[in-house]
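Let me begin by presenting the structure, written as structure tokens, before commenting on it.
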Amino acid sequence: MKTQPKRGLCALLAACILFSAAPHARAARFTDVPDTHWAAADIELCAQQGIMNGVASSTFGLGQPLSRAACLVILGRFFQWTPEDPSALPYQDIDPAGWYATALASAYRRGVVTDQARLFRPEEPVTRGELAATLIRALGYSVLSGLTEPVPFADVTANAGYITLAHDMGLINGSGGLFFPDNAATREQTAAILARLYRKLYATQHKTGVISSSDGLWPSAKLEDVAIAAGRLTGRQDSPISYEIAADTAASLRAAVASAGANSLLGLSGETLRWNALRPIANAVWTGNYAGLMLELTGSSVEASQVESLKGLLQDRALHLIVPVPEQTDDNYPYAALAKLADSITIRVLGQSRLVNGFPSAPVEPLEEVYKGLRALFHSDTPGQPPLLDPANCRLLLSTSGSEWIGATNTGLVSGLDVEELLHTEGVSGYYSERYACAYLRRPASDEQPEQVIWYLDSRSVVARVRLAKLFGVGGLVLSDANGLTAGILQSF
């Protein structure tokens with residue numbers, strides 16, 4: 001998708017502010033929409049928010065097809081697109097002064113529509129398949145359309161990836177295994193899809209941050225929980241926990257968390273959870289007067305029985321787990337069992353690292369991997385079989401630190417604030433990978449060191465992941481380094 005990085009992000013954030021802050025208008029009542037109609041509430045929501053108007057002052061146009069031109073006008077309202085000059089549009093069958101022209105120009109500039117055909121056919125009905133594809137492009141997820149399989153509808157061939165994405169996100173449905181992609185999309189069907197999208201995008205998500213010091217901007221993030229990254233599980237029999245923060249420092253951090261109005265959690269991580277570590281962990285939670293534990297399990301497997309025992313030792317204190325997505329663990333990972341034991345499950349997607357012609361291609365939590373992980377956990381392709389996890393009780397981990405490379409060597413993590421400072425350094429250039437929805441910077445080689453490359457999530461990257469999580473119904477977010485949040489990232493939540 002040919003998005004405009006700055007304007008697209010600003011439009012989405014502006015829409016979020018507009019829709020969440022504006023008071024509801026008086027409920028629109030259309031004489032042709034009975035209260036008992038299946039789409040009545042969706043039509044009313046779209047009318048209240050100014051997304052869709054009626055075909056007349058008191059008539060919605062129930063059952064009428066939606067034109068291709070009207071579809072783009074409506075999407076322009078939903079996403080708060082800035083009207084664009086239509087004079088340079090490549091289509092031969094449009095009126096540059098027409099009522100839809102500026103919306104069409106806005107959609108064209110953002111890659112929502114293309115110029116593969118020289119005819120736009122503005123007054124023709126938009127088909128159900130076209131509507132699904134247009135919506136996914138408008139959301140900015142065209143890059144994911146090649147990852148979808150299997151296709152959930154037997155009658156879908158064209159636009160299959162887009163339609164599958166829209167189905168995975170809970171925006172569209174069919175009947176009897178069929179989608180009827182060539183049928184005209186009616187006005188009420190469009191209202192239902194946009195109402196679903198609206199409710200998903202503007203749902204409130206629980207936010208947790210991980211800190212290791214009192215520095216940075218984390219109080220501005222208005223976090224409900226803050227995990228103090230105190231140490232690691234060693235796997236040793238004699239000393240199962242290695243603390244990396246002194247007791248007095250942890251106490252001052254707990255006080256800072258309390259003053260910010262958040263709950264403090266003891267943050268521990270480790271590749272293996274051993275039986276001898278369970279009681280020391282619980283004791284640390286109790287003696288530190290933490291509200292609960294955030295345990296990141298970095299290994300490929302875990303025993304549910306150990307987690308069950310740990311939960312018993314914690315008693316009324318919360319247990320939050322961070323676990324890998326299915327593609328990055330073994331096939332027997334006990335997701336369902338862990339979900340019954342933990343107060344929340346946080347999903348961790350690892351980044352990728354490989355050298356391409358000597359250049360480190362190392363995106364942080366690539367968008368395509370996030371999508372595949374969310375789909376594997378929250379979507380079932382087998383009728384009657386529930387998904388592995390309930391997304392409402394899950395959170396998505398976002399790495400707010402960058403991954404630094406000096407030459408061909410990964411030198412570790414860099415704070416988001418340090419990345420922002422580097423971007424204002426002479427000679428440093430910033431880039432954005434559309435495929436991975438991930439930013440990176442490059443500093444040329446010098447006499448002192450080889451080329452420096454840092455992959456990181458900027459505000460645009462964060463918006464793409466937060467929005468994807470919301471579309472799958474994920475109930476919360478965990479920020480890996482709340483000490484290093486930049487102003488741009490803070491505005492993205």
From Arg232, Arg187, which residue is among the basic types (Lys, Arg), closer than 20 Å to Leu266 by Cα and over 27 Å from the mean Cα position of the chain (by Cα)?
Arg232
Kindly indicate which of Leu321, Leu413, Leu355, Leu417 is of a type outside the set (Lys, Arg), at pLDDT 95 or above and not in a loop (DSSP other than H, G, I, E, B).
Leu321
Is there a residue being at negative phi and touching a Cys at 6+ places or on another chain (Cβ under 7 Å) anywhere in region 391-404?
no
For Val257: the one exception among (1) over 30 Å from Leu388 (Cα atoms); (2) in a loop (DSSP other than H, G, I, E, B):
(2)
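Kindly indicate which of Ser213, Ser301 is modelled with pLDDT under 90, small (Gly, Ala, Ser) and under 28 Å from Glu421 (Cα atoms). First the steps, then the outcome.
Working: Ser301 fails: under 28 Å from Glu421 (Cα atoms).
After applying the criteria, what remains is Ser213.
Residues to consider are Arg137, Arg121; find the one that is in a helix (DSSP H, G or I), of a type in the set (Lys, Arg), out of contact with any strand residue (DSSP E or B) (no Cβ under 7 Å at 6 or more places or on another chain) and surrounded by 12 or more Cβ atoms within 10 Å (Cβ to Cβ). Talk me through it step by step, then tell me what you get.
Working: Arg121 fails: in a helix (DSSP H, G or I).
Only one candidate qualifies: Arg137.
Could you pull out the residue among Thr148, Thr59, Thr127 that is surrounded by fewer than 16 Cβ atoms within 10 Å (Cβ to Cβ) and of a type in the set (Val, Ile, Thr)? Before the answer, list the steps.
Values: Thr148 fails: surrounded by fewer than 16 Cβ atoms within 10 Å (Cβ to Cβ); Thr127 fails: surrounded by fewer than 16 Cβ atoms within 10 Å (Cβ to Cβ).
Testing whether each residue is surrounded by fewer than 16 Cβ atoms within 10 Å (Cβ to Cβ) and of a type in the set (Val, Ile, Thr) leaves just Thr59.
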With the requirement that a residue be surrounded by 24 or more Cβ atoms within 10 Å (Cβ to Cβ) and among the aliphatic types (A, V, I, L, M), what does region 151-184 give you?
Ile163, Leu165, Ala166, Met169, Ile172
Taking Ala117 and the conditions (1) farther than 16 Å from Leu66 by Cβ; (2) hydrophobic (A, V, I, L, M, F, W, C); (3) within 19 Å of the chain's Cα centre (by Cα), which numbered condition does it fall short on, given that it satisfies the others?
(3)
Out of Leu397, Leu374, Leu389, I need the residue that is closer than 22 Å to Arg348 by Cα, in a loop (DSSP other than H, G, I, E, B), within 19 Å of the chain's Cα centre (by Cα) and of a type in the set (A, V, I, L, M). Which one?
Leu389
Can you tell me which residue within region 248-306, out of those that are β-branched (Val, Ile, Thr) and within 22 Å of Ala221 (Cα to Cα), is surrounded by the most Cβ atoms within 10 Å (Cβ to Cβ)?
Val257
Select from region 27-58 the residues that are in contact with a Ser or Thr (Cβ under 6 Å, 6 or more places away or on another chain) and either among the charged types (D, E, K, R) or outside any loop (DSSP other than H, G, I, E, B) (or both) and list them in ascending order.
Asp32
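Residues checked against (1) at pLDDT below 95; (2) assigned by TED's automatic domain parsing to the domain that holds Ile228; (3) assigned to a loop (DSSP other than H, G, I, E, B):
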position: Tyr440; (1), (2), (3): no, yes, no
position: Gln449; (1), (2), (3): yes, yes, yes
position: Ile454; (1), (2), (3): no, yes, no
position: Val462; (1), (2), (3): no, yes, no
position: Leu468; (1), (2), (3): no, yes, no
position: Val474; (1), (2), (3): no, yes, yes
position: Asn483; (1), (2), (3): yes, yes, no
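The values are calculated or read from the model by the stated rules, or taken from the named source; none is laboratory data. Note that the structure is a prediction, hence the values are computed from the model and not measured. Here Cβ is always computed from backbone atoms with ideal geometry, including for glycine, and neighbour counts include all displayed protein chains.
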